[in-house]
Amino acid sequence: MTIAAIAVSGMVISSCSRQVTRVSTDETIDISGNWNNSDSRMVAQEMTQSILGHAWLSNHLEQHTGKKPVVVVGMVQNKSHEHIDAETFVKDVEQTFIQTQRVRLVQGGKKREELRAEKADQQANASLSSMKKFGLENGADYILQGSINSIVDAHKRQKVVSYQVNLELTNIQTNEVVWIGDKKITKYVKN
């Protein structure tokens, strides 16, 4: 065997050593110390439980004879030091709201625009019996907005990353903030 052939066969053998293992999506695996799917899911669940356990909900139900409030999840801005897809966090929040069945959820942002564009298209292209009409959407009573922030303290091969998610629930009619909450996660990373 030539030296080139030995080198190529060595690279093939070493490149085949990667091992991939499927794990449960509920399992927390923290490799980099960065924000991850476990953080997103945990913060969304805890904050949604806090929102739904607060007095604004019972006040709304009392004032509206038991009618569930309609909520839209608005902008959650990533103000952290790293790239975080805030949409994943928003979806975790929306999923938790739906699972509880304690509020009604309506689409916001680009998805609402897409729905309205579909309705507009139906006005010209769908049969009268199947066409969806404008002006029949459920208007949201409350909007949830917030931010994901971080602080990094690093020295040599160690760092502490602190994440803080701040959310506010606002009554759209009155502009009154009815709930404010935050959730903090701190990670110590040593290389």
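The values are calculated or read from the model by the stated rules, or taken from the named source; none is laboratory data. It should be emphasised that the depicted structure is a prediction, and the values quoted were computed from it without experimental measurement. We place every Cβ from the backbone using ideal geometry, glycine too, and count neighbours over all the protein chains shown.
Pairs please, first residue from segment 69-86 and touching a residue at least 40 places away in the same chain (Cβ under 8 Å) and surrounded by 17 or more Cβ atoms within 10 Å (Cβ to Cβ), second anywhere and basic (Lys, Arg) and outside any strand (DSSP E or B), Cβ atoms under 9 Å, 6+ apart in sequence or on different chains.
69/102; 72/112; 73/91
Among the residues of segment 163-191, which ones are in a strand (DSSP E or B), polar (S, T, N, Q) and exposed (fewer than 14 other Cβ atoms within 10 Å of the Cβ)?
So in segment 163-191, the residues in a strand (DSSP E or B) come out as 163-171, 177-190.
Among the residues that remain, those that are also polar (S, T, N, Q) are: 164, 166, 170-171, 186.
Scanning segment 163-191 gives a single hit, 186.
Do we find that residue 144 is hydrophobic (A, V, I, L, M, F, W, C) and closer than 20 Å to residue 55 by Cβ in this structure?
Here the answer is yes, as residue 144 does meet what is asked.
Is there any pair with a first residue in segment 155-176 that is under 30 Å from residue 56 (Cβ atoms) and a second that is assigned to a strand (DSSP E or B) and among the small types (Gly, Ala, Ser) whose Cβ atoms are under 7 Å apart and which are 6 or more apart or on different chains, and what are they?
That search, which allows pairs on different chains as well, returns 162/150; 163/150; 165/146; 166/146; 166/147; 167/146; 167/181; 168/146.
Hey, does segment 108-121 have a residue that's on the phi < 0 side of the Ramachandran plot, without any contact (Cβ under 8 Å) to a residue 24 or more places away in the chain and in a strand (DSSP E or B)?
Scanning segment 108-121, I find no residue that is on the phi < 0 side of the Ramachandran plot, without any contact (Cβ under 8 Å) to a residue 24 or more places away in the chain and in a strand (DSSP E or B), so the answer is no.
Output the residue which, of all residues in segment 84-134 that are charged (D, E, K, R) and touching a strand residue (DSSP E or B) at 6+ places or on another chain (Cβ under 7 Å), is nearest to residue 45 (Cα to Cα).
Looking only at segment 84-134, we keep the residues that are charged (D, E, K, R), and these are 85, 87, 91-92, 94, 102, 104, 110-114, 116, 118-119, 121, 132-133.
Adding the requirement that they be touching a strand residue (DSSP E or B) at 6+ places or on another chain (Cβ under 7 Å) leaves 94, 104.
On the way: 94: 10, 104: 17 Å.
Checking each candidate, the answer is 94.
Cβ-Cβ below 8 Å, separation at least six or inter-chain, first residue in segment 28-44 and of a type in the set (Phe, Trp, Tyr), second buried (at least 17 other Cβ atoms within 10 Å of the Cβ) and modelled with pLDDT of 85 or more: which pairs?
Going by the 8 Å Cβ cut-off, the qualifying pairs are 35/80; 35/84; 35/148; 35/150; 35/163.
Surrounded by 14 or more Cβ atoms within 10 Å (Cβ to Cβ) and closer than 25 Å to residue 74 by Cβ, is that true of residue 160?
On the way: surrounded by 14 or more Cβ atoms within 10 Å (Cβ to Cβ): yes; closer than 25 Å to residue 74 by Cβ: no.
No, not satisfied.
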